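Okay, so here's the structure we're looking at.
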Amino acid sequence: MLILLSPAKTFTKTEVFSHEMPIYLKEATKLNNKIKKQSLLFLETSFKISRALAKKVKTDAQLFQKEPKSAIDQFDGQVYRGFDIQSLSDERRMFLSGHLLILSGLYGLLRPFDGITPYRLDFKDHLVGNLCQFWKPKLIHYIHTVHPESLIINLASAEFTDFIKQDLKMTTIGFQNNQTRISNMALKLLRGQMARYLIENPIETVNQLQTICLNGYCYDAHHSTNELVIFSKEV
């Protein structure tokens with residue numbers, strides 16, 4: 001079993017330092033160097049952010065890989081609040097290291113405890129080139145080589161997986177209820193909680209997803225397909 005997650009744009013103040021080297025650190029360094037050379041105006045315009053945020057992006061680029069910290073301990077946001085790494089047992093943390101990958105516009109792929117520093121770069125951002133085109137062959141090769149027989153469970157957002165889903169056999173998990181559209185915040189929280197559940201209760205086949213109920217969301221055979229497993233809740 002291999003779980004795919006999106007990264008986060010925000011970072012915690014964790015003190016969990018890590019000397020684990022990211023898989024594609026060489027490539028990430030080259031991309032970061034391009035960001036570091038950009039003007040504040042260019043960063044503002046490209047990212048559509050404020051001058052204050054552009055200054056932070058610039059500072060982060062200058063501090064790249066200085067005092068790196070564990071990726072999964074450092075990422076903030078609803079997905080990672082839902083996952084709640086701080087309460088995970090040591091045994092499950094060891095299991096986690098080989099069963100989860102985080103997709104990243106800057107680093108490509110991150111294992112949970114790879115050492116990283118804060119950054120801002122998504123696959124859809126084009127200020128350093130076409131990142132989907134740049135990362136696609138590397139991501140596909142790594143997953144096919146290192147996890148050739150794994151059941152791939154996709155809990156990342158479409159932005160991070162649309163460009164690789166045709167080349168990887170994966171099962172995407174979705175959530176819905178019968179009355180209102182689930183907010184993005186709630187959806188991200190559910191993705192993190194599902195990832196946590198699967199790390200604590202690993203599965204080997206897609207059919208085993210049918211037995212799961214999470215916070216009232218249960219398998220929905222009517223809306224599920226071969227590639228998309230939907231969990232529904234009546235509200």
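Of all residues in region 170-185, those satisfying the criterion of being in contact (Cβ under 8 Å) with a residue 40 or more places away in the chain and either of a type outside the set (S, T, N, Q) or touching a helix residue (DSSP H, G or I) at 6+ places or on another chain (Cβ under 6 Å) (or both) are Met170, Thr171, Ile173, Gly174, Phe175, Met185.
Of all the listed residues (Ile3, Ile72, Ile49), the sole one being in a loop (DSSP other than H, G, I, E, B) and either at pLDDT below 95 or of a type in the set (Val, Ile, Thr) (or both) is Ile49.
In the set (1) under 25 Å from Asn130 (Cα atoms); (2) in a helix (DSSP H, G or I), Tyr80 fails one condition alone, (1). Per the conditions (1) more than 21 Å from Asn184 (Cβ to Cβ); (2) among the polar types (S, T, N, Q); (3) modelled with pLDDT of 95 or more; (4) surrounded by 15 or more Cβ atoms within 10 Å (Cβ to Cβ), the sole criterion not satisfied by Gln78 is (1).
Quick check on my filter: what residues within region 110-144 are within 23 Å of Lys56 (Cα to Cα), surrounded by 17 or more Cβ atoms within 10 Å (Cβ to Cβ) and of a type in the set (A, V, I, L, M, F, W, C)? Matches in region 110-144: Leu110, Ile116, Leu121, Phe123, Val128, Leu131.
Conditions (1) out of contact with any strand residue (DSSP E or B) (no Cβ under 9 Å at 6 or more places or on another chain); (2) at pLDDT 90 or above, marked per residue:
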{"residue": "Leu127", "(1), (2)": "yes, no"}
{"residue": "Cys132", "(1), (2)": "yes, yes"}
{"residue": "Trp135", "(1), (2)": "no, yes"}
{"residue": "Leu139", "(1), (2)": "no, yes"}
{"residue": "Thr145", "(1), (2)": "yes, yes"}
{"residue": "Glu149", "(1), (2)": "yes, yes"}
{"residue": "Ile152", "(1), (2)": "no, yes"}
{"residue": "Ala158", "(1), (2)": "no, no"}
{"residue": "Lys165", "(1), (2)": "no, no"}
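Examine region 25-37 for a residue that is without any contact (Cβ under 8 Å) to a residue 60 or more places away in the chain, under 15 Å from Pro68 (Cα atoms) and of a type in the set (A, V, I, L, M, F, W, C), and state whether such a residue exists. Within region 25-37, not a single residue is without any contact (Cβ under 8 Å) to a residue 60 or more places away in the chain, under 15 Å from Pro68 (Cα atoms) and of a type in the set (A, V, I, L, M, F, W, C).
Of the numbered criteria (1) in a loop (DSSP other than H, G, I, E, B); (2) over 25 Å from Gly108 (Cβ atoms); (3) among the small types (Gly, Ala, Ser), the one Ala186 fails is (1).
The values are calculated or read from the model by the stated rules, or taken from the named source; none is laboratory data. This structure is a prediction, so every number in the text was calculated from the model and none was measured. Note that each Cβ is placed from the backbone with ideal geometry, even for glycine, and that neighbours are counted across all protein chains shown.
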